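Derivation of every value follows stated rules applied to the coordinates shown; laboratory data play no part. On a predicted model such as this, the values are computed, not experimentally measured, just so you know. Heads up, the Cβs are rebuilt from the backbone with ideal geometry, glycines too, and the neighbour counts pull from every protein chain shown.
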Amino acid sequence: MTDDIRLAFAHPSERAEASSTTPCDRISLRDYVVEVEIGAFQQERGKLQRVRFNVVVEVLPLSGPIDDDVDRILSYDKVTEAIGIELEAERLNLLETLAARVAERILLEPQAERVFVRIEKLDRGPFALGVEIVRARDGIDLAGQDHVPAPHPRVVYMSNDAINAPHMSAWIDQLAGMDAPLIICVGAAPVAAPQASHALAQRRIDLLAIEQNAWVLAARDPRCMVVGTRTELDWAMKNDQICIWAPSKIVLDAVDGPSASPSDAMMLVAWFAEEIEAAELLVIGADAPKTDCPVRSIDVAARDL
């Protein structure tokens, strides 16, 4: 029991050696510290904290001479690159999620057989809080890691006049029959929102005001579903579900979030259209913003798109 406890807190390289059942080589990354915004608690939002990574990758021994050829081995850079890619992908709440994604990305490398990942938060107190996982190539469905390109949706911004237009449902009929998944975006309703003295609090209030209006639109057409996460959006786009974007989670979790205030709904939607790689941004009842994706606008009085 004593040895089990010692191994529980030992470096992943010792854990890997103790649990190995086949001869293997090991590549290790020790005490790799980065600053990142991560955490489920409100006090962890908007702040960077130090996170330490210790990673061990087991690889099968090479057959034949290495010939000092870097292309024949699993480079250390692939380990730090996997960490960087997952940290930049989106803001995460859980170390468990980050560890699993890092491990799965490393296992995409053909040489990798088993991965130990330990991640620790260093700034939550006079101690380290962390998680350690182990993943093996034969325990993960790597077929789902092929990074199949996501669909390119048509993002449609509806002004409040458009939401209340008598032919709003006819527009959705036309949009649903077009050649791309449909994501509808709105701004806040034309009513005064509460005002807060703190900028972060006001940002949340303004985002929630948009989401309230999203639910108003959803109530007018049962085909529309209010969606707030990228996972739900991806599923909806693949299953022909019409979405209305609830922006709070995606905006607050973005590593490189929008510079526009949520009160500037049109610029927020332009950022979202670029972020999701929209095939087109269609603006109904407002002036089209400047954006890198294809954009056009139509008047509220127009019945045909």
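Quick rundown of the values:
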read-out	value
Difference of contour (0.36 nm per residue) and Cα-Cα distance, Asp77 to Ser169	27.9 nm
Segments 41-48, 194-201, 79-86 sorted - mean Cβ within 10 Å per residue, highest first	79-86, 41-48, 194-201
Shape category assigned to region 80-233 from the gyration tensor of Cα positions, a/c cut at 1.5	oblate
Electrostatic dipole magnitude of region 154-298 [Cβ: Lys, Arg +1; Asp, Glu -1; Cα centre; debye, to 20]	300
Region 79-142 - Debye-derived log10 I(q)/I(0), Cα point model, q = 0.12, 0.23 Å⁻¹	-0.31, -0.98
Value of [θ]222 nm, deg cm²/dmol, for the chain, DSSP H segments ≥ 4, -39500 (n - 2.57) each, nearest 500	-10000 deg cm²/dmol
In sequence order, calculated HN-Hα J values of region 90-104 (Karplus, 6.51, -1.76, 1.60; Hz; x Gly/Pro)	6, 6, 10, 8, 10, 4, 4, 5, 4, 4, 5, 5, 4, 4, 5
Within region 247-305, trypsin sites (Lys or Arg not before Pro) in DSSP loop having at most 16 other beta-carbon neighbours inside 10 Å	Lys290, Arg303
Those trypsin sites (Lys or Arg not before Pro) in region 160-230 that DSSP places in a loop and that have at most 15 other beta carbons within 10 Å	Arg223
Euclidean distance between Cα centres, region 240-267 to region 125-139, Å	31
4 °C / 1.567 mPa s Stokes-Einstein diffusion coefficient of region 160-305, Kirkwood radius on C-alpha pairs, µm²/s	83
For Ser297, distant residues with modelled amide H under 5 Å away	Val283
All lysines inside 20 Å of Lys249 as judged from Cα atoms, apart from same-chain residues fewer than 8 positions distant	Lys47
Leu94/Ala254 FRET efficiency (R0 22 Å; Cβ-Cβ; nearest 0.05)	0.80
Karplus-derived HN-Hα couplings along region 204-211 (A = 6.51, B = -1.76, C = 1.60, θ = phi - 60°), whole Hz, x at Gly and Pro	5, 4, 5, 5, 5, 5, 5, 5
Alpha-carbon radius of gyration plus Dmax, which is the widest Cα pair, for the chain in Å	24.0, 77
Inter-centroid distance (Cα atoms) of region 150-223 relative to region 103-121, Å	40
